[in-house]
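The values are calculated or read from the model by the stated rules, or taken from the named source; none is laboratory data. Model, not experiment: these values are computed from the prediction. We place every Cβ from the backbone using ideal geometry, glycine too, and count neighbours over all the protein chains shown. Each accessible area value is taken on the protein alone, full model and side chains, heavy atoms only, with ligands, DNA and RNA left out. Shrake-Rupley method; radii C 1.70, N 1.55, O 1.52, S 1.80 Å.
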Amino acid sequence: MIDKIDRDLLTLLQKDARLSNADLAQAVGLNASSVFERVKKLERKGIITGYVAKVDAKKLGKPLLAFMRLTLGASEPEGFKATMDKIATLCSAEPDILECHDVAGEDCLILKLHAAGPGELQNLHAAIRDCTQSARTVTSIVLSTFKESSAVEPAAETKAED
């Protein structure tokens with residue numbers, strides 16, 4: 001079971017994963033060794049899956065952000081699972097595909113892409129379409145972003161899987 005202290009630790013770490021155990025301990029009212037053990041337990045349970053640095057894509061030469069909605073054809077030549085496997089392989093190999101989600105609804109997949117410019121986006125688009133006999137793709141280019149976060153607010157009552 002995830003208690004209030006674990007939820008508070010998760011909230012703090014999602015805001016700043018570089019906080020020391022001493023800083024976390026002070027924030028939640030425990031000693032540093034107790035916080036260390038709690039964080040390790042959250043890692044072992046797979047609740048904390050890693051730590052990353054947030055970077056500015058524009059400053060790294062990838063200012064174009066786009067979302068692509070992909071609808072697969074009714075009869076994929078290799079079969080649906082084989083097509084999904086090909087797309088998963090491409091997504092794993094292509095660093096400019098940030099996310100790929102298998103979704104319910106009108107579309108089959110939604111991808112989040114970063115690119116240096118329209119030409120690079122066109123190349124990504126071609127590589128994705130080459131993986132499949134897609135019936136339709138719709139690509140939306142982001143003009144500005146008001147909120148972007150990967151933080152997940154823990155539910156009040158969360159049962160952790162052991």
Helix-only mean residue ellipticity at 222 nm for the chain, each DSSP H run of n ≥ 4 adding -39500 (n - 2.57), per residue, nearest 500: -11500 deg cm²/dmol
Considering the chain as a Gaussian network with a 10 Å cut-off on Cα pairs, which listed residue, 54, 86, 147, attains the greatest mean-square fluctuation? 147
Scan region 1-108 for GluC sites (Glu not before Pro) in coil per DSSP, keeping those whose Cβ has at most 16 other Cβ atoms within 10 Å, and list them by number. 78, 106
Hey, can you find the accessible area per residue of the chain for me, probe 1.4 Å, expressed in square angstrom? 66
Answer label for P(r) over Cα pairs in 5 Å bins from 0, in percent (calculated), chosen among (1) 1, 7, 11, 13, 13, 12, 11, 9, 5, 4, 3, 3, 2, 2, 1, 1, 0, 0; (2) 2, 9, 18, 21, 19, 14, 9, 5, 2, 1, 0, 0; (3) 1, 7, 14, 15, 12, 11, 12, 12, 8, 4, 2, 0: (3)
Return a whole-number percent for the relative contact order of region 64-128, with Cα pairs under 8 Å and 6 or more residues apart as the contact set. 42
Among 126, 116, 57, whose mean-square fluctuation peaks in a Gaussian network model of the chain (Cα, cutoff 10 Å)? 126
Amide H contacts under 5 Å for residue 48, placed H, 5+ residues apart: 43
Comparing 110, 97, 48 in a Gaussian network model of the chain (Cα, 10 Å), the one with the largest mean-square fluctuation is 48
